[in-house]
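One structure is given below, encoded as structure tokens.
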Amino acid sequence: MRKISVVLVAAMLLSVGNLFANDSKNPPAKKNLSTQIGDLLENNTFVLENNDLTGMVRFTLNDENQIVVLSVDTKDAVLESFVKARLNYQKVDLEKYEEGKMYTVPVRIQA
């Protein structure tokens, strides 16, 4: 009986320790750039003949943290115009970035 009470006390201490370890005052970590781009490209209405469309998006960030699409390397003109329309001048939330640096992100739209 004594062993059971010791185990229960140890379990309670571990549970309380875990509760205090989860600091709810800190905001959640910011999403990375590719995740934010994925969120911007969600909810599309593509009717695909193939299972997916792919492309490489080349862009830069301006001084207001906005995406400026430079090019979309794809064989599908509809995907190119969709990506440009959805991403151009959309503000992203980044702490550290280099204004004018060119970034390349693969894009894949699936049916």
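Some notes on this structure:
- Accessible surface area normalised per residue over segment 52-109 is 62 Å², counting heavy atoms of protein chains with a 1.4 Å rolling probe.
- In plain terms, the chain from residue 110 to residue 88 could stretch by 5.8 nm, reckoned as 0.36 nm per residue minus the Cα-Cα distance.
The values are calculated or read from the model by the stated rules, or taken from the named source; none is laboratory data. In this text, all values refer to a predicted model and were calculated from it rather than measured experimentally. SASA here: full protein model, heavy atoms, side chains in, ligands and nucleic acids out. Shrake-Rupley method; radii C 1.70, N 1.55, O 1.52, S 1.80 Å.
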